Amino acid sequence: ANLRKEAKKAEIAVKSGDCEFFNVQMDSLSASSKSGDLAIDGLRTQTATLSTMSGDQATKHLQVEELKAATASGDIAVTDCECKKMLQSAASGDITINADCKEYYVQSKSGDISLISRYDANAYISTTSGDITLDMLETVGNYQVEMRSVSGECHVSGNEKKETAEDSYKMEVK
């Protein structure tokens, strides 16, 4: 997909084939693919909405207010992302996130979830069949984490020295 640099909003739908974006700045981006991968390297926007039916999503170097990504069958990988709110979902696929966000909402029906967050963040993570790994690198307090896995393990690590009584972890493994 080729976009003009001065574009304010883009809505792109691809039936088959890959879709790639490089160094884009706009108010909002909506990209979907029925059969193919989505790749973004460099994006500044208010909102980004990404979806694939059968394909992987790889995004890096993002500055967004809100990032929504969903896939029916494929993996989602987010690297070097700054945002306020991130919503990620996969029916069948792994989700890997390395980002600095205030809130994470991540779910997978069948797949592992790995989240690395540099700073304090509220995280709500669930998977039906898969493991969850959460790493909070520089925590100073005032965050909440909820993790649920029906058939899998939950792992939390981070900067243990700086946790306060206001921090909370809630894990549920059935």
Exercise. Any of Lys34/Lys109; Lys9/Lys84; Lys9/Lys109; Lys60/Lys109; Lys34/Lys102 with alpha carbons more than 28 Å apart? Name them for me.
Key: Lys9/Lys109; Lys34/Lys102
Quiz item: How large is log10 I(q)/I(0) at q = 0.20, 0.27 Å⁻¹ when the Debye formula is applied to the Cα atoms of region 1-81, each weighted equally and without solvent?
Solution: -0.79, -1.43
Quiz item: Ranked highest first by the average count of other Cβ atoms within 10 Å around their residues, in what order do 151-158, 125-132 fall?
Solution: 125-132, 151-158
Quiz prompt | region 22-33 - phi-based ³J(HN,Hα) in whole Hz, Karplus 6.51/-1.76/1.60, Gly and Pro as x | solution = 10, 6, 10, 10, 6, 6, 8, 9, 10, 9, 9, 9
Practice problem: Bin all alpha-carbon pair distances of region 62-124 at 5 Å intervals from 0 and give each bin's fraction as a whole percent. | Solution: 5, 20, 34, 24, 13, 3, 0
Practice problem: Taking H placed 1.01 Å from N in the peptide plane, check which residues at least 5 places from Asp18 or on another chain put their amide H under 5 Å from its amide H. | Solution: Asp37
Quiz item: Quick one: net charge of Ser33's neighbours, Cβ under 14 Å, K/R +1, D/E -1?
Solution: -4
Quiz item: Which net charge results for the neighbourhood of Asp18, defined as the other residues with beta-carbon distances under 10 angstrom from its beta-carbon, given Lys and Arg at +1 and Asp and Glu at -1?
Solution: -3
Practice problem: Determine the shape class of region 14-166: with a ≥ b ≥ c the square roots of the Cα gyration tensor eigenvalues, call it rounded for a/c under 1.5, and otherwise prolate if a/b is greater than b/c, oblate otherwise. | Solution: oblate
Self-check item: Amide H contacts under 5 Å for Ile40, placed H, 5+ residues apart
Solution: Phe21, Ala58, Thr59, Lys60
Exercise. Tell me which residues come under 5 Å, amide H to amide H, from Ser126 once H is placed; ignore anything under 5 positions away on its chain.
Key: Val106, Gln107, Ser108, Arg148
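FYI, it's all coordinate maths here, none of it is from the lab. Nothing here was measured: the structure is a model prediction, and the numbers come from that model. Here Cβ is always computed from backbone atoms with ideal geometry, including for glycine, and neighbour counts include all displayed protein chains.
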